[in-house]
Amino acid sequence: MEWKRVFGICREAVRTIDLPLLVALLLLMAAGLAVLHSVSGPVTGQAARFAGGLVAMWLLSRVSLLRLRAWTPALYALSMLPLMAVYVIGTGKYGQRWLNLGVFYLQPSELLKLSLPLMMAWYLHRQPLPPSPRSVLTAAALIGVPAVLILLQPNLGTATLVTASGVFALLLTQDAEAIGAAASRSELLDELSTSVARDKLRAFKVDYRDQRTVLDGRAPALGAPARTCRPA
């Protein structure tokens, strides 16, 4: 029947969409449009940009992971070109951050929020895990070059986010086997949260050990000379 055919087409169209993620994005978009409307009135232009973003997200979801992996180095290189071009033809009131493409203004640093994590995944996928010091240095260069270029625009906020996206991908390689073995969404989220919590706890322990020494159940103030507690 005709309705079965239509239903089959619709089901195939949304097969690659992460529905919980889509619902969360729609709620966030609706809240953003409501706030924007209360401040500045009609939000037709912003709604159209949201719609364009959803279409782009759907098109990207139709690309196989193998093909996306093969395209990653080219995507990273292409996103670096406009990032360097802003120093020649860039515009902006508080720095060289935008490229005037006639139809719209492009902020190249935003492209790195997508291409850098992809590039990190592509590179680390080809290396033995956990990564060796040499692999970590190479990954640091992949992160550092675009981060410094964005920072010099100047754009500290985006530089921080871009750096964090690359560092987060690098940290996840420490628990790659457990994350890859997750059989469901809940198990994957558990492994991701455990990995992040473990890294934060390790950093806290090192920082605490270097700055304070626990003495008689009390922590001396920062800057106080460290003392060693010995049994009587």
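The values are calculated or read from the model by the stated rules, or taken from the named source; none is laboratory data. Just so you know, these numbers come straight off a predicted model, no measurement behind them. Cβ coordinates were reconstructed from backbone atoms using ideal geometry, including for glycine residues, and neighbour counts include every protein chain displayed.
Per the listing Leu60, Leu112, Leu83, the residue uniquely of a type in the set (A, V, I, L, M), in contact (Cβ under 8 Å) with a residue 60 or more places away in the chain, out of contact with any Gly (no Cβ under 7 Å at 6 or more places or on another chain) and at negative phi is Leu83.
On the given criteria, is Glu110 in a helix (DSSP H, G or I), farther than 15 Å from Ile150 by Cβ and either touching a Lys or Arg at 6+ places or on another chain (Cβ under 7 Å) or of a type in the set (Asp, Glu) (or both)? When the stated conditions are applied, Glu110 does not pass them. Please indicate, with yes or no, whether at least one residue in region 36-47 is under 18 Å from Leu114 (Cβ atoms) and part of a helix (DSSP H, G or I). Looking for residues that are under 18 Å from Leu114 (Cβ atoms) and part of a helix (DSSP H, G or I), one finds none in region 36-47, hence no.
Inspect region 49-57 for any residue being assigned to a loop (DSSP other than H, G, I, E, B) and either closer than 30 Å to Leu124 by Cα or touching a Ser or Thr at 6+ places or on another chain (Cβ under 8 Å) (or both) and give the result as yes or no. Within region 49-57 (the criterion being assigned to a loop (DSSP other than H, G, I, E, B) and either closer than 30 Å to Leu124 by Cα or touching a Ser or Thr at 6+ places or on another chain (Cβ under 8 Å) (or both)), the answer is no, since none of the residues qualifies. May I ask you to verify whether Gly45 is free of Cβ contacts under 8 Å to residues at least 40 places away in the same chain and under 18 Å from Phe104 (Cβ atoms)? Against the criterion (free of Cβ contacts under 8 Å to residues at least 40 places away in the same chain and under 18 Å from Phe104 (Cβ atoms)), Gly45 qualifies.
The residues on offer are Ala31, Ala24, and the sole one that is on the phi < 0 side of the Ramachandran plot, surrounded by 11 or more Cβ atoms within 10 Å (Cβ to Cβ), modelled with pLDDT of 90 or more and of a type in the set (A, V, I, L, M, F, W, C) is Ala24. Going through (1) closer than 27 Å to Ala147 by Cβ; (2) at pLDDT below 90; (3) surrounded by 13 or more Cβ atoms within 10 Å (Cβ to Cβ) one by one, Val63 falls short only on (3). Residues being among the aromatic types (Phe, Trp, Tyr) and in a helix (DSSP H, G or I) are represented in region 83-91 by at least one member.
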